[in-house]
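Q: Below you will find the structure I want to go over with you.
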Amino acid sequence: MGIIALGLNHNTAPVSIRERLAFPTERLGAALQALTRLPAIEEAAILSTCNRTELYCGTRVTGTDTLVDWLAEAGHLKPDEFRPYLYTYADTATIRHMFRVAAGLDSMILGEPQILGQMKTAYQTATEAGTLGKTLGRLFQSTFTAAKKVRTDTAIGSSPVSVAFAAVRLAQSIFDDLNRQTAILIGAGETIELTARHLSEHRIGELIIANRTYDKAHALATRFNGFAISLAELPHHLARADIIVSSTASPLPILGKGSVESAIKIRRHKPVFMVDLAVPRDIEPEVGQLRDVYLYTVDDLRNTVEENLKTRQEAAKQAEEIIDIQVAHFLSWLRVQGASDTIRDYRQQAEIIRDEVLQKTLAGLKQGQTPEQCLELLAHRLTNKLIHAPSIQIRQASMTERHDLVAAARELFQLQDSSIQ
């Protein structure tokens, strides 16, 4: 059985194609079962995220046309509409690809950890759908082992490489315990969403989303157990904020020195950590002159991110070496499975011969043959039956000058060279 990966991701396909070929969670189980009903597919799993859709299959054939047609039907597209964006891997290349994906080496943000969780979800879904067999099941376990080793043995995930994550990490260095702090996020775009997610993951005490459009703020706040306010309400809440992160498209500053100074007085000079991720700036530069205010701009964090990205790129080189070793381990396991199948088949064949000879021997006993005669016949028949097929194959190998096969037979049966006295 071969192992094939077929998919597309953020590097190869536009979002208009990716969203058509994404599989919602509620559809995955049925999709997997439909996939394994294809005659060529023995095992299957599907990884579907906002950035990639990949099919992992144990298959009896080497081509991918059947998978492309199935994917086209599932996404209600014509194959030619998405075929140029596809990539395929087979066997060893599939193994390496899955290891790299789980380790974050193929992600939009190098080393990001979320993909490993998504890979585990793909495994769990396929397990529940009953579409994983011995090979793909073991491959997923090896994938998780490789990703864990990359994460523990390298620095690929130790430094933030997005300004949102860098802002949260900096907040942690100022406040020991984020679950006692209140954060106000100004805006409702992608950067604020990322910041909200990171703060939520670090168990922020209270989260407030402020935006010009209240409905957008409310939708985002609901996802992260926060609450929403309009920009007009912002001055009334500033004194509550220990952390303020702003990222809007406003052409003019949203927070001025006067409003922040008033909030500081109400707070009795408790420190405030502020990050302005907007260009042009949302927070007047003069705010940074206030005592008890720690103000950082996007440039301050960008320098940190660039340094951290270099660290991750160096770590990625080490990660590739780890993956090379883990791929070799899995290939070794695969080779052993091939030998195991041969041993099992050989044993079954020997047991059939044994039972057949035993039945004839027992019949001889019933017909009055002596035990000695029966034992001699059993030994003779069993020996002849067991060596018959190998003897023919060795003779045929010799006739066709397959000396390698003859030598292998001598090694396999541990035969001594009769010419050596």
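No value in this document is a laboratory result; all are computed from the given coordinates. None of the values given here were measured: they were computed from a predicted structure. No Cβ is skipped: glycine too gets one built from the backbone with ideal geometry, and neighbour counts run over all protein chains shown.
Q: Relative contact order, percent, of the chain when contacts are C-alpha pairs under 8 Å separated by at least 6 residues?
A: About 12 percent, as a whole number.
Q: Explain nothing, just the number: relative contact order of region 316-416, from Cα pairs under 8 Å at least 6 residues apart, as a whole percent. Mind dumping the intermediate values first?
A: Values: 25 pairs, mean separation 16.8, N = 101.
Dividing the mean separation by the residue count of region 316-416 yields 17 percent.
Q: Under the 0.36 nm per residue contour assumption, what length would be gained going from the current alpha-carbon distance of Gln396 and Ala34 to full extension?
A: Working: separation 362, 0.36 × 362 = 130.32 nm, distance 4.63 nm.
Once the chain is fully extended between Gln396 and Ala34, it gains 125.7 nm.
Q: Across every pair of different alpha-carbon atoms, what Kirkwood hydrodynamic radius in Å does region 163-299 reach?
A: Working: mean 1/r = 0.0693 Å⁻¹.
It works out to 14.4 Å.
Q: Search the structure for amide H atoms under 5 Å from the amide H of Leu290, placed 1.01 Å from N in the peptide plane, and list their residues when 5 or more places away or on another chain.
A: none
Q: Just to confirm the filter: which trypsin sites (Lys or Arg not before Pro) across region 22-57 are DSSP coil and have at most 12 other Cβ within 10 angstrom of their Cβ? It would help to have the intermediate numbers written out before the result.
A: Working: sites: Arg27, Arg37, Arg52; in loops: Arg37.
Here the sparse-neighbourhood loop sites are Arg37.
Q: Grab the other residues whose beta carbon is less than 15 angstrom from that of Ile352, score K and R as +1, D and E as -1, and report the net. Show your work: numbers first, answer last.
A: Numbers: positive: Arg344, Arg347, Arg354, Lys360, Arg381, Lys385; negative: Asp345, Glu351, Asp355, Glu356.
Spelling it out: positives minus negatives among the neighbours equals +2.
Q: Separate question: On the Cα set of region 369-412, report Rg and Dmax in Å, please.
A: For region 369-412, the Cα radius of gyration and maximum Cα-Cα distance read 15.1, 46 Å.
Q: Then there is this: Rg(Cα) of region 225-292 divided by 2.2 N^0.38 Å? Intermediate results must be reported in sequence, preceding the final value.
A: On the way: Rg = 11.6 Å, N = 68, 2.2 N^0.38 = 10.9 Å.
Cα Rg divided by the expected 2.2 N^0.38 Å: 1.06.
Q: Report, by chain and number, residues whose modeled amide H sits under 5 Å from the one on Thr248, excluding near sequence neighbours (fewer than 5 apart, same chain).
A: Ala278
Q: Between Ile387 and Val15, with labels modelled 7 Å along Cα→Cβ, what's the label distance in nm to one decimal, could you check?
A: If labels sit at Ile387 and Val15, their model points lie 7.5 nm apart.
Q: Return the sequence-ordered ³J(HN,Hα) values of region 284-292 in whole Hz as given by the Karplus equation 6.51 cos²θ - 1.76 cosθ + 1.60 applied to θ = phi - 60°, using x for Gly and Pro.
A: Here the 3J(HN,Hα) series is 4, x, 5, 4, x, 7, 6, 5, 6 Hz.
Q: If you don't mind, there's one more thing I want to ask. Give me the percent of Cα-Cα pairs in region 62-158 that sit more than 20 Å apart, rounded to a whole number. Before the final figure, lay out each step's value.
A: On the way: 2318 of 4656 pairs.
Within region 62-158, distances greater than 20 Å cover 50 percent of Cα pairs.
Q: Next up: Defining a contact as two alpha carbons under 8 Å apart and six or more residues distant in sequence, what relative contact order in percent does region 44-167 show? Don't skip to the end; give the middle numbers.
A: Working: 91 pairs, mean separation 34.1, N = 124.
Computed value for region 44-167: 28 percent relative contact order.
Q: Which ³J(HN,Hα) values, rounded to whole Hz and listed in residue order, are derived for region 295-301 from phi using the Karplus coefficients 6.51, -1.76 and 1.60 in 6.51 cos²θ - 1.76 cosθ + 1.60 with θ = phi - 60°, glycine and proline given as x?
A: Each residue of region 295-301 in turn: 9, 10, 9, 4, 5, 4, 6 Hz.
Q: For the chain, take N as its residue count and report Rg(C-alpha) divided by 2.2 N^0.38 Å. Numbers along the way, then the final one.
A: Values: Rg = 32.8 Å, N = 421, 2.2 N^0.38 = 21.9 Å.
Ratio of Cα Rg to 2.2 N^0.38 Å: 1.50.
Q: Oh, and also: Please list, ordered by chain and number, the residues whose modelled amide H lies under 5 Å from the amide H of Ala44; skip anything fewer than 5 residues away on the same chain.
A: Result for Ala44 returns Gly58, Leu132, Gly133.
Q: Suppose we look only past 25 Å in the calculated P(r) of region 101-246. What percent of the Cα-Cα pairs does that tail hold? Each step should come with its number before you reach the end.
A: Working: 4582 of 10585 pairs.
Roughly 43 percent, rounded to a whole number.
Q: List the lysines whose Cα lies under 29 Å from the Cα of Lys120, skipping any in the same chain that are fewer than 8 positions away.
A: In chain and number order, the partners are Lys134, Lys148, Lys149, Lys310, Lys317.
Q: Also, quick follow-up: So what's region 1-141 giving for Cα Rg divided by 2.2 N^0.38 Å, two decimals?
A: On the way: Rg = 13.6 Å, N = 141, 2.2 N^0.38 = 14.4 Å.
Normalised Rg, Cα atoms only: 0.95.
Q: For region 127-197, what's the radius of gyration and Dmax over Cα atoms, in angstrom?
A: For region 127-197, the Cα-based Rg and Dmax read 18.6, 50 Å.
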